[in-house]
Amino acid sequence: MALSGGQVVFYTHRAPNKETVNEDSMGLVELDSGSCVLIVADGLGGQPAGATASEIAVKTLSRSLHRTDATPRETILQGFDRANHQIIENGGGSATTLAVVEIRKNQLRPYHVGDSMIVVTGQRGKQKLFTVSHSPVGYAVEAGLLNEEEAITHAERHLISNVVGADDMNISMGSLINLAPRDTLLLASDGLFDNLYYEETIAIIRKGTLPAAATRLVELAHQRMTGKAPDQPSHPDDLSFILYRPST
């Protein structure tokens, strides 16, 4: 579908063979013809608390964006704070990750809490953005203490050190990034990068049409989650992602 001067494709589904609800939530908020905000949240804390937390985060942040007396950056940061307070007040020990991208006139700014990822790649595979997961394993990879293969099979890969729904929540906000016409943006819950390696993900999304890339991501993730790809990672989980590419 067309959105704010670009094309967007999104997908969300609960884990294979899972009988409870999908704990991920997503939001696509168009601010005007040239700007939008994309959101992915992955709820934590088990059913139904995880699903509730991610839904609160997306809805609260989306409502915050409609303020007209503040910049998008201010409304996004305020949305994180309001979501954090509401989830804490809701109780139950739930929390959520939250990955957000503000797009305006072929520029983007990333914000995130937790281990849902934000990636921007050029058509030839040049990495323009790859957020660091707020987790012990994510920090170890960033520091060069673990490689990707070690990280994806690590016993503590699901431990998260920063979440929305905690008194000490910390928001990571990135710098503005210029988007070229064939650049591709990906926001994804950890259901994607717990099953697909970074390089194979980039190889899929950097070329071809967005619908074709989305289909291939879903197919490959499902193969891994169901154990149909021998000697590959297999971590069944809810899967949500948004792909965006500017038109010009």
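The values are calculated or read from the model by the stated rules, or taken from the named source; none is laboratory data. None of these values were measured; they are calculated from a predicted model. As a convention, Cβ positions derive from the backbone with ideal geometry for all residues, glycine included, and neighbour counts pool all protein chains shown. Each accessible area value is taken on the protein alone, full model and side chains, heavy atoms only, with ligands, DNA and RNA left out. Shrake-Rupley method; radii C 1.70, N 1.55, O 1.52, S 1.80 Å.
Region 195-241 and region 112-189 have Cα centres lying 17 Å from one another. Computed across region 56-128, the Kirkwood radius stands at 13.7 Å (inverse of mean 1/r, all Cα pairs). Annotated for the chain: lysine pairs at least 8 residues apart or interchain, Cα distance under 18 Å, count 4.
Cα gyration tensor of region 17-58, axes a ≥ b ≥ c as square roots of the eigenvalues: rounded (a/c below 1.5), prolate (a/b > b/c) or oblate? Since a/c reaches 1.5 and a/b is larger than b/c, the shape of region 17-58 is classed as prolate.
The share of accessible area on region 9-67 that comes from carbon and sulfur is 52 percent, using a 1.4 angstrom probe. For the chain, the solvent-accessible area works out to 45 Å² per residue, with a probe of 1.4 Å and every protein chain left in place.
Look at the alpha carbon pairs under 8 Å that are at least 6 residues apart: their mean separation over the length of the chain gives a relative contact order of 25 percent. Mean-square fluctuations from a GNM of the chain, with a 10 angstrom spring cutoff on Cα atoms, peak among Leu210, Leu159, Leu65 at Leu159.
The amide H of Ala15, built 1.01 Å from its N in the peptide plane, has Asp238, Leu239 as neighbours under 5 Å, considering only residues 5 or more places off or on other chains.
For Gln107, the residues whose modelled amide H falls within less than 5 Å of its own, excluding neighbours fewer than 5 places apart on the same chain, are Leu179.
Here the 3J(HN,Hα) profile of region 198-207, calculated from phi with Karplus coefficients 6.51, -1.76 and 1.60 at θ = phi - 60°, is 4, 5, 6, 5, 4, 4, 6, 8, 6, 9 Hz, Gly and Pro shown as x. Over the chain, DSSP H runs of length four or greater, each weighted -39,500 (n - 2.57), average out per residue to a 222 nm ellipticity of -9000 deg cm²/dmol.
Counting Lys and Arg as +1 and Asp and Glu as -1, what is the net charge of the other residues whose Cβ lies under 14 Å from the Cβ of Leu210? Charge balance near Leu210 sits at +4.
Per-residue Karplus couplings for region 29-41, computed as 6.51 cos²θ - 1.76 cosθ + 1.60 with θ equal to phi - 60°, are listed in order as 10, 8, 8, 7, 5, x, 8, 7, 10, 10, 9, 10, 10 Hz, Gly and Pro entered as x. Here the Karplus curve 6.51 cos²θ - 1.76 cosθ + 1.60, taken at θ = phi - 60°, turns the phi angles of region 182-195 into couplings of 9, 5, 10, 9, 10, 10, 8, 6, 5, x, 7, 7, 7, 10 Hz, with x standing for Gly and Pro.
Between amide H atoms placed 1.01 Å from N, distances below 5 Å from Leu3 occur with Val8, all of them 5 or more places distant or on a separate chain.
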